[in-house]
Amino acid sequence: MYAVEVQSLTKIYTSSFGKKKVQALTDLNLNVPPGIIYGLLGPNGAGKTTLIKILLGIVFPVYGTAKILNEDISNYKIKNKLGFLPENHKYPPYLTGESVLKYFGRLNGMSGKALDNKTDELLSLVKLIKWKKNKVKTYSKGMMQRLGLAQALINDPELIFLDEPTDGVDPIGRKEIRDILIDLKNSSKTIFLNSHLLSEVELITDRVGILNKGKLIREGTVQELTEKKEEFIISFSSELNEEILNEFKSKYNLVRASNGSLNVKVADLNELNNLIDLFRNRGLLLREVMPQKSSLEEMFISLITESDKQNSQ
Amino acid sequence: MKNILILSWFTLKEALERKVFIFFMIISAIVILGLVIIASLISTDSLVQGVSVTTQKNFVMNVATTLQFIIISPLSSLCLLLAIFSSASFVPNMLEKGNIDLLLSKPVSRSQLLWGKYFGGILVVLINIAFLIVGVWLIISLKFSYWNFNILTVIIIITFTFAVLYAMIVFFGVLTQSSILGMMVAYLIFLVLSPLLHFFKNNMDSFIHSSFVKGIISFLYYVVPKTTELLGDLTKSLASGKGINDYQPVWTSALFLLLMMYLSTLAFRKKDF
């Protein structure tokens, strides 16, 4: 069973008089296993928020099916097991931090002591307990975001959708939110995360999907996505002399040489092993052979650029 | 049902916070206070002077009922105007981006959300109207020692009239996500259309000779909510304990209410946010 199952999901937004049509999602297929942090990345307008909104029944697809925790998304009662922090969320300004949580807790069927305890527990978790009696209209952006996270967790959900959860939060606050998300994952919750902050996604997600113009163009673990295939870093304990380096350059594809290490491109693993044999035959002591990785940001930019080029052709 | 109650309760809180509720209450309190002062200045004994002892009781009853009606009748129209103004934004506020996303992500059906807001708006008006009418009734009843419980039915009639117009405000609120159009149409019906149609319906033969125009007026008369009849003859008849002679304004207005809420629910259930 997947936490989220999406099949052939298509969404077209049509303007009031049907003159203008925007294809937000195109034949999207996506599966999110339970108990992981799944990061959905994409440039603005890629369809990330639309996907979450469809899954939560806020907008309707024109085609395709989707299931959440093995239930069709049309069944609104499944939302009892979901948490959601929307981008630019807005609470009634007359409510206090505490009453926001109680309001949404009650809509989730909670009441009495259990709701009181959960409210205090979550306000402590997001460090808002001191401001629980203050009206939300006096809260800063960061405080609102933390309150939003608490609100998303009020019903102890199995699956949590977070749309830009660290937006407007300072670096320390971000670290705290990351820690909360990791704790949630460790307690078997599934987290579906939309974010622009690639460095953050890289730090906490188990799987990443990249969406561009409504299409899923790449998916995998962060390691799979950032690994540059056939490029390795070989580090040596002994000194590399000019003669060996020249011999090597003539036979292999050297990307870069620096301080006792070489970046090389090889055709396959056989070639890599031949290369290692060559160094060992020359009496060089190898310290490490590592696949070369790019940052998630580098990979993201190159992938989106490539995808845009293909679309324009 | 529980969700509808929660949403209604929070709509009441919203009204309280937006000072609308308090403003209503202050106006009602001023009216009640004014009435207390006037009542303290009038002597019941001087009022019945010259009236024979056998008809004194009937005379006092008539004076009390007329007085109640004279006070309540214009106030009910004022209350309705204020109620429309104060409640028109409840649904558009709920539909604001960031707020509706959160509500729709909860295990609450779209119909429950809409009906919760609808009943919340009615609850706000019901409490305010009840406060005013009960206050006026209590003072006059104490003054004349005549307890006309029939006058309290006015609370139901005014609330019902508001509920009919509010259903239409909800409908326009869902369609346009704005309170302006709904509010304008509600005022148009209450202040212009309903009184005009009521007049033409009763005096059609004197003014209109074309059967086609007569047909259109009759059609509009039955379609448009009958706020003039509801707050006029019907209220007077109920307040004086005569009951309802003609149920037509009630059931045609009730049908309008149901149609508006049905269409609102239908539109809301299919809308993307």
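Couple of notes before you dig in:
- The calculated P(r) of chain A, using every Cα pair and 20 Å bins from 0, goes 28, 45, 22, 5 in percent.
- Per residue, chain B exposes 46 Å² of solvent-accessible protein surface, assessed with a 1.4 angstrom probe and all protein chains in place.
- In units of the compact-protein estimate 2.2 N^0.38 Å, segment B:1-102 shows a Cα radius of gyration of 1.68.
- Debye-sum result for segment A:54-117 in log10 I(q)/I(0), which assumes one identical scatterer on each alpha carbon, at q = 0.27 Å⁻¹: -1.20
- The lysines within cross-link reach of B:LYS57, meaning a Cα-to-Cα straight distance under 27 Å and a gap of 8 or more places when in the same chain, are B:LYS143, B:LYS236, B:LYS242.
- Using alpha-carbon coordinates, inclination of helix A:112-125 to the longest axis of chain A, degrees: 40
- Gap separating the Cα centres of segment B:134-186 and segment B:15-34, nearest whole Å: 15
- Kirkwood-based shape ratio for segment B:150-245, expressed as Rg/Rh from alpha carbons: 1.05
- With 19 Å as the limit, the listed pairs A:LYS118/A:LYS141; A:LYS77/B:LYS106; A:LYS11/A:LYS309; A:LYS48/B:LYS97 have A:LYS118/A:LYS141; A:LYS11/A:LYS309 beyond it between alpha carbons.
- The protein assembly as shown - mean residue ellipticity at 222 nm from DSSP helices (-39,500 (n - 2.57) per run, n ≥ 4, rounded to 500): -18000 deg cm²/dmol
- Area hidden from solvent between B and A (accessible, protein heavy atoms only, 1.4 Å, total, Å²): 2700
- Computed from Cα atoms, the angle from the helix A:242-251 axis to the main principal axis of chain A rounds to 70 degrees.
- For segment A:4-220, with all protein chains in place and a probe radius of 1.4 Å, 50% of the accessible heavy-atom surface sits on carbon or sulfur.
- Segment A:225-293 - accessible surface per residue (Å², probe 1.4 Å): 63
- Relative contact order (%) - criterion: Cα under 8 Å, at least six apart; region: chain A: 19
- Ordering of B:128-136, A:111-119 by burial proxy (mean other Cβ atoms within 10 Å per residue, highest first): B:128-136, A:111-119
- Cα shape, segment B:92-151, gyration tensor, a/c 1.5 rule: prolate
- For chain B, a Kirkwood hydrodynamic radius built from all Cα pairs, placed in the Stokes-Einstein relation at 20 °C and 1.002 mPa s, yields a translational diffusion coefficient of 105 µm²/s.
- Between the Cα long axis of helix B:20-41 and the first principal axis of chain B there is an angle of about 0°, rounded to the nearest 10.
- Counting only heavy atoms of the protein chains and using a 1.4 Å probe, B:GLU14 has close to 10 Å² of accessible surface.
- All-pairs alpha carbon distance profile, segment A:26-172, 10 Å steps from 0, percent: 10, 38, 34, 16, 2
- Accessible surface of chain B, 1.4 Å probe, proportion on carbon and sulfur as whole %: 72
- For the set B:HIS209, A:HIS89, A:HIS196, B:HIS198, the ranking by accessible area, highest first and with no ligand, DNA or RNA atoms included, is B:HIS209, A:HIS196, B:HIS198, A:HIS89 under a 1.4 Å probe.
- Measuring between their Cα centroids, segment A:151-165 and segment A:118-147 lie 15 Å from each other.
- Per residue, segment A:4-220 exposes 42 Å² of accessible surface when a 1.4 Å probe is rolled over the protein heavy atoms with every protein chain present.
- Think of segment A:225-293 as having a plus end and a minus end, set by charges on the Cβ of Lys, Arg, Asp and Glu; of A:LEU240, A:VAL266, A:PRO291, A:PRO291 sits farthest toward the positive end of this dipole.
- Of the Cα atoms belonging to segment A:225-293, the radius of gyration and Dmax stand at 11.2, 36 Å.
- Span from the segment A:41-75 Cα centroid across to the segment B:74-111 one, whole angstrom: 27
- Per residue Cα convex hull volume in Å³ - calculated over the protein assembly as shown: 195
- Rounded to the nearest 20 debye, the dipole size of segment A:4-220 about its Cα centre is 780 debye, using +1 on the Cβ of Lys and Arg and -1 on the Cβ of Asp and Glu.
The values are calculated or read from the model by the stated rules, or taken from the named source; none is laboratory data. Keep in mind the model is a prediction, meaning the values are calculated, not measured. Quick reminder, even Gly has a Cβ in these numbers, built from the backbone with ideal geometry, and neighbours come from all protein chains shown. Remember, those area values only see protein heavy atoms, side chains included, never the ligands or the DNA or RNA. Shrake-Rupley method; radii C 1.70, N 1.55, O 1.52, S 1.80 Å.
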